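This report concerns only the one structure given below.
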Amino acid sequence: MAQSVTGIQVEATTYPPAVKPPGSANTLFLAGAGARGLEIQGNFVKFTAIGVYLEDKAVPALAVKWKGKTAEELTESVEFFREIVTGPFEKFTQVTMILPLTGQQYSEKVSENCVAIWKKFGIYTDAEAKAIEKFTEVFKDQTFPPGASILFTQSPNGSLTIGFSKDGSIPAVGNTVIENKLLSESVLESIIGKQGVSPEARKCVATRLSKLLKESDDCVAGHGKVEEHIKEAEVKA
């Protein structure tokens, strides 16, 4: 397998090179991973580990504009990460607990951030309010001990499939599906966007995609190296 599509270990969590997300018929490759944490009294305390996966056709789609850019250039580019977030390909995000968290704590924080941004740009409507209500409802009775995961599958059509795992496994179906493109995109944006909660994951995604984009000359019509590496990862998994 190519070095660019290897698995990543973040604390005790291992993110495999390829997974099939809940609610998806596709196998996605690991674009990057990293921790989310805060500086507390001089110590960096890590709360969650985050893995970000993309559908293989993301690479040729992104290569049109970004091939040849360095990891540093991609890391600093707001537009590059917006293209990942809004691009016409599936994304899957696995948020795994390092420290325990309740579903209410998690959903309230995400909801507050999303609503504040939407209101700032004047794009908060009744549809978004209903989506946020459904989002908080699915998390209401959940608790996440260390090692438990929250799973987000983002479809290009705007649906957000939310699933949960207590043991690191990836279920075939999610707990709920929310049909709201703005919420779906905002979940990933809140992690790897300019003001995202995991600069470590953002940098990792930029570094790995920079390498993959250099190989993208061979990724023609969906028969390139990324697809081969994903199939190889599936066989080895």
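Thr75: of a type in the set (S, T, N, Q), more than 25 Å from Phe139 (Cβ to Cβ) and under 17 Å from the mean Cα position of the chain (by Cα), yes or no?
Numbers: of a type in the set (S, T, N, Q): yes; more than 25 Å from Phe139 (Cβ to Cβ): yes; under 17 Å from the mean Cα position of the chain (by Cα): yes.
Judged against the criteria, Thr75 is a match.
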Exactly one condition in (1) open to solvent by 40 Å² or more (accessible area, probe 1.4 Å); (2) more than 26 Å from Leu160 (Cβ to Cβ) is not met by Lys20; state its number. (2)
So which residues in region 95-126 are over 21 Å from Lys140 (Cβ atoms) and touching a residue at least 12 places away in the same chain (Cβ under 8 Å)? Ile98, Ile117, Trp118, Ile123
Selected residue (criterion: surrounded by the most Cβ atoms within 10 Å (Cβ to Cβ)) from residues of region 157-182 that are in a strand (DSSP E or B) and not aliphatic (A, V, I, L, M): Gly163
Report the residue count in region 27-49 for those that are touching a residue at least 60 places away in the same chain (Cβ under 8 Å), open to solvent by 60 Å² or more (accessible area, probe 1.4 Å) and not in a strand (DSSP E or B). 0
The one condition in (1) farther than 18 Å from Lys203 by Cα; (2) open to solvent by 10 Å² or more (accessible area, probe 1.4 Å) that Arg82 fails to fulfil: (1)
Index of the failed condition, Val95 passing every other in (1) assigned to a helix (DSSP H, G or I); (2) closer than 18 Å to Tyr15 by Cβ: (1)
Go through region 2-17 and count every residue that is over 18 Å from Gly168 (Cβ atoms) and either open to solvent by less than 30 Å² (accessible area, probe 1.4 Å) or in contact with a strand residue (DSSP E or B) (Cβ under 6 Å, 6 or more places away or on another chain) (or both). 3
Filter region 66-79 down to the residues that are among the small types (Gly, Ala, Ser) and open to solvent by less than 50 Å² (accessible area, probe 1.4 Å), then identify the one that is nearest to Ala206 (Cα to Cα). Ala71
Within the bounds of region 138-156, is there any residue that is surrounded by fewer than 17 Cβ atoms within 10 Å (Cβ to Cβ), at pLDDT 90 or above and outside any loop (DSSP other than H, G, I, E, B)? yes
When every residue in region 50-65 that is out of contact with any strand residue (DSSP E or B) (no Cβ under 7 Å at 6 or more places or on another chain) and open to solvent by 20 Å² or more (accessible area, probe 1.4 Å) is compared, the one nearest to Ser165 (Cα to Cα) is Lys57
Starting from region 178-200, take each residue that is polar (S, T, N, Q) and list its partners that are open to solvent by 10 Å² or more (accessible area, probe 1.4 Å) and in a loop (DSSP other than H, G, I, E, B), counting only C-beta distances under 8 angstrom and pairs at least six apart or across chains. Ser184/Ser155; Ser190/Gly196; Ser190/Val197
Of the conditions (1) touching a helix residue (DSSP H, G or I) at 6+ places or on another chain (Cβ under 8 Å); (2) surrounded by 13 or more Cβ atoms within 10 Å (Cβ to Cβ), the single one that Lys109 does not satisfy is (1)
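The values are calculated or read from the model by the stated rules, or taken from the named source; none is laboratory data. Fair warning: this is a prediction, and the values are worked out from it, not measured in the lab. Every residue, glycine as well, gets a Cβ built from its backbone with ideal geometry; the counts of neighbours run over all protein chains shown. In case anyone asks, the SASA skips ligands and DNA or RNA and just uses the protein heavy atoms, side chains included. Shrake-Rupley method; radii C 1.70, N 1.55, O 1.52, S 1.80 Å.
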